[in-house]
Structure formats: C-alpha cells, structure tokens
1. What's the center-to-center distance, using Cα atoms, between the stretch 17-40 and the stretch 70-97 in Å?
2. Could you grab the relative contact order for the chain? Cα pairs under 8 Å, six or more apart, rounded to a whole percent.
3. Report, to the nearest 10°, how far helix 31-44 tilts away from the longest principal axis of the Cα atoms in the chain, using its own Cα long axis and a range of 0 to 90°.
4. Rounded to the nearest 500, what is the chain's calculated 222 nm mean residue ellipticity when only DSSP H runs of at least 4 contribute -39500 (n - 2.57) each, over all residues?
5. Working from the pairwise distances between different alpha carbons, so that the mean of 1/r is found and then inverted, what is the chain's Kirkwood radius in Å?
6. May I ask for the angle, rounded to the nearest 10°, between helix 78-93 and the longest principal axis of the chain, with both axes built from Cα atoms and the value confined to 0 to 90°?
7. Say we join alpha carbon atoms closer than 10 Å with springs in a Gaussian network model of the chain; which of 32, 46, 56 then has the biggest fluctuation?
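No lab work stands behind these numbers, since they all come straight from the coordinates. None of the values given here were measured: they were computed from a predicted structure.
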C-alpha cells in the first residue's frame, strides 16, 4: 500500500517505510505516470515489487526536489520531474546523494 500526501508512506505486513522527499509542485498532471514509469523500470531491472516501490517513490520525490530548485511549485510539469530524475541518477552515480 502506498499513501500519498506531504510525505509518502509505504507498508506491507512486515515493513513500513516513510519517504520525506517531494514537494507540492509534484501535484501536477502526469506526475503519477512518471512515478509509475520509475517503479516499472526498477521492477524490470529485477528489483522485487516492494523494493521497486520504495526506491521508486524516493527517486520520484528526489526528482521533484531537484526540479523545485529551478521551477516554482506553481509551474512544475511532469517533464520537470523527468529532468530532475536524470539529475538525481547522476548524483547517485557520483555518490553525492
């Protein structure tokens, strides 16, 4: 189960996860499609559904935080999240996150 709001909570019968990344600018059309794509791509790379969901929600929120550094929360669009995701993945590969 994934709950969405100011922070995201994901839980199964054994574990509970709390994600504190993300911002109000992510409440835009297409944002959920970006999240679904991120989770699906992680699952396609072999992560379990749970790990893909947990990591996907974190990556999605971190991408939104990156996008918010350059855009107003009132003007963000889904494409900004995709651009932010690229920046987050580069930071991870350089171990800056």
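1. Computed from Cα coordinates, the inter-centre distance equals 11 Å.
2. Details: 130 pairs, mean separation 26.9, N = 97.
In percent, rounded to a whole number, it is 28.
3. 40 degrees
4. On the way: 3 runs with 50 residues, N = 97.
Per the formula, -17000 deg cm²/dmol.
5. On the way: mean 1/r = 0.0743 Å⁻¹.
The answer is 13.5 Å.
6. 70 degrees
7. Looking only at 32, 46, 56, the biggest GNM fluctuation is shown by 46.
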